[in-house]
Structures are given as structure tokens and as C-alpha cells.
1. For residue 520, are the conditions met, namely being without any contact (Cβ under 8 Å) to a residue 12 or more places away in the chain and in the same structural domain as residue 413 (by TED's automatic domain parsing)?
2. So, in region 563-585, exactly how many residues are within 24 Å of residue 408 (Cα to Cα), more than 25 Å from the chain's Cα centre (by Cα) and either part of a strand (DSSP E or B) or at pLDDT below 95 (or both)?
3. For residues in region 363-388 being more than 20 Å from the chain's Cα centre (by Cα), in the same structural domain as residue 179 (by TED's automatic domain parsing) and not in a helix (DSSP H, G or I), which is modelled with the lowest pLDDT?
4. Can you name the condition, by its number, that residue 613 falls short on among (1) modelled with pLDDT under 95; (2) farther than 28 Å from residue 252 by Cβ?
5. Could you name every one of the helices (runs of 4 or more DSSP H) located completely within region 622-700 that has at least 2 residues being assigned by TED's automatic domain parsing to the domain that holds residue 607, over 21 Å from residue 595 (Cβ atoms) and over 36 Å from the mean Cα position of the chain (by Cα)?
6. Please go through region 35-64 and pick out each residue that is more than 22 Å from residue 191 (Cβ to Cβ) and surrounded by 14 or more Cβ atoms within 10 Å (Cβ to Cβ).
7. How many residues are loosely packed, with under 13 Cβ neighbours inside 10 Å and within 33 Å of the chain's Cα centre (by Cα) when one looks only at region 435-464?
8. Just checking, how many residues over region 420-439 are closer than 30 Å to residue 617 by Cα and modelled with pLDDT of 95 or more?
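The values are calculated or read from the model by the stated rules, or taken from the named source; none is laboratory data. It should be emphasised that the depicted structure is a prediction, and the values quoted were computed from it without experimental measurement. Here Cβ is always computed from backbone atoms with ideal geometry, including for glycine, and neighbour counts include all displayed protein chains.
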């Protein structure tokens, strides 16, 4: 597979992890080994998802009911956590000997949620077959759209449920919370609701999930041992060992610990399990490997007959044939008598009829807190308050402690050997001599670069102060800022611009103009591969900081560069790569951050933010925020120029100064308060002047 360097790098790392997993599985020899493997999978999943919330009162509220031929629909609400209301429909048989078995139906990424026609049909059939069925609106669906716009009458994040999930999940990610756990916990509370009903047999609970719902089903089955039977729809993309598309479908770090998404149903053996998948998928490696591993697990436990499969002509889409097969599977698993019950032929209900709220949205009708609000409240105390050092010596000790935290969060590779520079061409641009080439920073990873030098003066070629420029769009974007390049050169500086891996010439995907821009940012290829990097124990942001650090090493080997006068300029996302590099490399003279994110905290305090996931670090706010990183640059020069907020809109200098009060105090401990500058400019000439001041060439 010929992909970009980011994809190739991640796949190479994953290949080694998959091989170690394969050898581990091949050495399983019997039921005892299999049970140990099941415990291992449960432990890994539970540690990554995190601790479950405390069980609190469900506060079930019956809103209304619909009596139909052969079944009854109860429209209700319950609280999965205090103040967080779930809207749901419960279908129960019109006539049944209580207590009856029950199934929790986890819907797909369907914006209609519980009111989706196929879910109505399935629940109606189950109820007529003697099975109580609970269908709830998951986060971002039905009556629980988290970012609802009253004008658009939909989410303002985008038009798909994955966009809602990913926007919310990104915020939770910054505090170490996992959206998958929040959604799985709602499923756990759904089982609680069923188990507490007098008309339900709590020993005969089942769970059903297809596509988007199947990921939650797998989480539920490792967190809760109550389901006595389960049915799961498979899709090859969802079973990719590198991870799924939506943030909640990813178990960050699991593959590095020998667990793939497909492994999460292994602990379900030997209970009855039905797998549904498209015929064509049976030939796809993820699905075929999945079927083999599960088959082996059931065989070890002598329960081969309890694992059933059904092949579908098309995508696993809950068509009539599959609905009938699912009803019969659960009827057998729950030992129900034979029945000729069929789906009713009447039309499905209109979504408004099945609503539990007056307006069709929980947030509008009930004015209750949503998950975003709960998370924002929990995050108010983050990051933990850092004790201000009393003097310069204490400040240096604090900086070393913080740097250790940065390295732990960044997960950067270990450098091996010197950086190799390969020159490819010489030319000129903006009246400057330019050398273009590639840097080999580690095996299989190269960074395109352009090295600009001023025209020779009377003293001929000479070593000069140098700026390393990193732009979120790479070398081409830096080269296009002609005024910058000319002024830096006229001030006697060399300039080197690089494409960090996955940016510029090596970008993960070509720029696209179709579709919703923010939805592309959330679910596009770069965000997908940033999540996949985390699944294999890497971090795309950390790798990019590593690229900047390795380039600094390379520059110090060039005769043209005065190593004691090496500066960093970062633009956009590149501002944060430069900030971390300056904090970790004490030899950098100064750093200038242009249009960089001001704080991580603003991303969890505001509903609307549009920064790229590749900037996010897992659980970072549990340790520190960006002003703490800035404090580690002291006493060297640091300029924040037109810092931006959660909307990527310019923050006024006063607000930025308040956000960086801690960093300012640390600079004062070094008697270097003036070395930290926070500026806001209104037009390009003023910005250029500020840049000249920041790199020390004003007036030259």
C-alpha cells in the first residue's frame, strides 16, 4: 500500500504490534488460557475507557403510551446521571407471561435515533415475539442532539451523528474522559432500567447493536456481565485494527497492548452471540480474522453452537430478513416457545408521536444539563493550580518537572543517529538564494525543507542568526509570505522552512473543497490518522514536535548557522509545535508564535470550537495548559502574536495577558518580564513590524 509517510509510519508500528498479538493468540491451548485472555481484554478495555460513574437514581418518568395490535409502546425518560435525561421508547408485548426477556437495542448513527423506521419495525417484531425492547436516543441523536441549532433545526456541528460525537469527544479527550465510556454507561443504565421492571426477567437480558451501535455493544459486553445474549453487526472499516472513524470507536493505546476492536467480543464467550455481516466482507481480512478468533474462543469453551453468523446481500442494514433472523435468535437464546408472530403491516409512527419532550429536544424542553455542561463543570478545576516558584532556582526546578510531563504526554520517538540532509536543488525566490531538499529525521520519515539565505555582502558568505519557520501548511505557505522572507533576510537572518510529517508536501490528504468544512476537519483523513496513531501508542502532535526538535539539531551542524542564535517562528498549528520545541530545547534563543491557540482550557469551556484534533493531547488538562509550556521557555524570548481563541478568532492582548499570568510571573522570577511579549495587531504592516521586533531585527 503506497500511502503518505504518516500512514506508512503508523502501519509499520502497528504491524509489529499485530505480529506480537498473533503470536500471543497462537499460544492459547485451552479453556484456561482463553479465560486468562478474556480477563486481559476486559482489563485493557476498562483501563482505557476509565472508571464508570456512580450509579444514581434513574428517576424514570412515564410520558405517554401507545396501544397497538400485539404490543404497547411506553414513551419515557430516565436519568443516566443526575440531571442528564435520556429519552426512550419501550416496546412490550400486549399479552405475555411476566416476567419476559428483554433486549436493549443500540441504534446506529441515525439522526432520528429511536424513531428510525427500522428500529421501530424491529422493536415491534420483538414485542410481538414476547421480548420487551428498549430503544433509547443516544447522544447526538433523536431528541438528544447536543449542539442543536433552533434556526437550522439540526446540529450546527454538521449534518451527521459522527460529527456531533467527534466534536464532543474531542473536548472530553483533553481531560482524559472517553466518549465511548459515557455512551456505554448510558447503555448500562438502560440495562438497569430493564432489570428493575417487574415485567422483565433480569436473568434474560440481551443487547443488539449494528455498525455504530456495535462499538457500544462491545464496550458494554466488557463492562457489564448481565447480557445473556448479544447480536452484533459487522463492518470491515469498524474492525480495522488501527481503529474506527468516530472518536468513541477508538480505544487509544489498545493495539499497543495487544487488543484490537475485534477482540472485545472474545470475553462474551460462551454466551449466545449472533454476528451479521455483508457477504463481500467475509473475504476482507479484518472480518475473516475476527470470525476465526471468535470461533476459536467458542471452541476452546466447547460452545461452538452458540456462535451464529448470518451473511447479508448488502450492508448490515436491518432489512426485513435480518430483523426476522434476529427475533428468532433471541427467542432461542431466551428459550421462548415457537411463534408465528410477524411484523405489523401498518405504517411506522411519525417521530413526533414517539417524542418524550414537547419540542423534540431535551435541551430545549427540559432545560437540563447535557454532557458538554457536565464536562465543563468537571473541568473547572483543571489544570491543577501550579505553585508559583519563589525564585529563579525554584523556577528552574519547576521547569524540569513540567518538561518531564510534556515528554510523557507527547510520546515522542527516541532519536537514533544524526539527521541526514539531502540537497535536491538550488535556486532563488524573492531575491534570496534558496536550497531545497529533504531531512531524514528517522527511518522512513523525511521532511521537505527550503533554506533561504540573504545575498552575499562585502564580507562574503558567513554564519548568521537563523530562523526555523514552521507553518501548519508547510514550506509553501512560509515561502508565499514574501514580505516576511525579504525582511528577515534584510535583517541578516537565514530562514529554514520545513514540512513536518503529514503537512505541506507530505500532507495526509489533498485539500478538498466539497462538503462541510468543519465536518471534514472532524472526520477527515488527518484526524482519522491522528486517532490511529494514538491507538498504536504514538501521537501525531508529538511526532511533529519531534520533527521540529530534530531539525534544530540539524541546523546546528550547518556552518551557515550561528547555533547560539537559533530562533523559532510558528504559524497556526505550527505555533504550538514551535512552543513545545522551544520549551524542550533550552538552546533555542527565542520563539515567536503567530496565530497560535491560546489555551487548551478554552476548548472545553465553549461549545463552539473549531481546532484540529491533531493539536489535542490525551488528558493534557489533568497536568497543565499552554501557559505552563510558555513558562518553560523563560527567561528566553517568547512572543505571542495575535493568539487565537477556541473559534480561531484573534484574542485581544489584554485577554491573552490574563491567560498567561502564570507564565508572566515565572519570567519575573528570572528578572526577564520584558522577554515575554503578548501583542495584537490589526493589519499586515503592523504584524510585520511586530515580527521584526520579536526576532530582534527591527531597524536593521
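1. Working: without any contact (Cβ under 8 Å) to a residue 12 or more places away in the chain: yes; in the same structural domain as residue 413 (by TED's automatic domain parsing): yes.
Yes.
2. Within region 563-585, the first condition is being within 24 Å of residue 408 (Cα to Cα), and the residues that meet it are 568, 570, 572-585.
Remaining after also requiring more than 25 Å from the chain's Cα centre (by Cα): 568, 582-585.
Applying the additional criterion that residues be either part of a strand (DSSP E or B) or at pLDDT below 95 (or both) yields 568.
Number of matching residues: 1.
3. Per the stated criteria, the residue is 367.
4. (2)
5. On the way: elements: 626-631, 653-659, 661-669, 684-694.
Ranges flagged: 661-669.
6. Across region 35-64, the qualifying residues are 35, 37, 40, 44.
7. Final tally of qualifying residues: 2.
8. 2
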